[in-house]
1. Given that compact globular proteins tend to follow 2.2 N^0.38 Å, what is the ratio of the alpha-carbon Rg of the chain to that value?
2. In Å, what Kirkwood hydrodynamic radius results for region 97-226 from the alpha-carbon pair distances?
3. What is the dipole size for region 17-66, taken about its Cα centre, with +1 at each Lys and Arg Cβ and -1 at each Asp and Glu Cβ, in debye to the nearest 20?
4. Could you tell me which residue out of GLY64, SER53, LEU33 lies farthest along the dipole of the chain toward its positive end? Charges go on the beta carbon: Lys and Arg +1, Asp and Glu -1, centred on the Cα centre.
5. So what's the net charge close to SER42: Lys and Arg +1, Asp and Glu -1, counting the other residues with Cβ under 11 Å from its Cβ?
6. Let me know the Kirkwood hydrodynamic radius for region 1-47, please, with Cα pairs as the basis and the value in Å to one decimal.
7. Using +1 on the beta carbon of Lys and Arg, -1 on that of Asp and Glu, and nothing else charged, what's the dipole of the chain about the Cα centre, debye to 20?
8. Please state the relative contact order of the chain as a whole percent: Cα pairs under 8 Å, 6+ residues apart?
Amino acid sequence: MPSRVEQAETDLIAYILSHHLAAGDRLPNETQLSQLLGVGRSTVREAIKQLASRNVLTVRQGAGTFVSAKKGVPEDPLGLLFLPDDIGKAMDLLEIRLMIEPEIAAMAAVHAGAQDLKEIAAQCSAVQKQIDAGEDYTQGDMLFHRLIAQACGNRVVANLLPVIHSSIALCIDVTGWIYREDTRREHRRITDALLRRDAAGARYGMITHLNTNRMGVQALRMHEKP
């Protein structure tokens, strides 16, 4: 049997879903929730605290309780924090990305809406401008890949990829920014394939892009071996 707090957590999630609350929407206050759920305010307060720790809710002092934009996704579900930021970690993350991201790009070519494609194309151009200006394009690069993931039509992928894309910053760091021009060219090829609705082109474009980084990281790994 679940405890009162656990049941209140379940009921709060059911309330969010049944009322179609989106990220940023405000929940009723503690008194109202207490009446709705049929439990004491202390139980509601603890349930909210637990859901906030799970990134389901966000509590803003003086403003109320809101649905979290993180959609219940943990900050570090893959335990990356406990792996050293080194060449080995960069390679491991690239191998995971090569397993799934080419198919995500192919799916995006089929399922992306017109607005999705517009945002991807705009972000591709934004990253190109950052590279041309000699600026740090790390965040822009991450957003480009995230937009493709969000456009693929699979909601689970959209939650998973931002975590894996933390590898982008690590790869850029360990390779010393030497693949700026490759990134610029390969992003454009992927974007053009998406705009053509060319699933195979998007898939192989993503493979080429990720393999460029994999080969660079692999070369560094071989160099550091005795």
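Nothing in this text is a laboratory measurement; each read-out follows from the coordinates by a stated rule. This structure is a prediction, so every number in the text was calculated from the model and none was measured. Quick reminder, even Gly has a Cβ in these numbers, built from the backbone with ideal geometry, and neighbours come from all protein chains shown.
1. Working: Rg = 21.3 Å, N = 226, 2.2 N^0.38 = 17.3 Å.
My calculation over the Cα atoms of the chain gives 1.24.
2. Details: mean 1/r = 0.0682 Å⁻¹.
Over region 97-226, the inverse of the mean reciprocal pair distance is 14.7 Å.
3. Numbers: 6 positive and 3 negative charges, 23 e Å.
The calculation lands at about 120 debye.
4. Farthest towards the positive end: LEU33.
5. On the way: positive: ARG4, ARG41, ARG45, LYS49; negative: GLU30, GLU46.
Result for the neighbourhood of SER42: +2.
6. On the way: mean 1/r = 0.0922 Å⁻¹.
That comes to 10.9 Å for region 1-47.
7. Values: 26 positive and 27 negative charges, 86 e Å.
Roughly 420 debye for the chain.
8. Values: 253 pairs, mean separation 46.7, N = 226.
Over the chain, the number comes to 21 percent.
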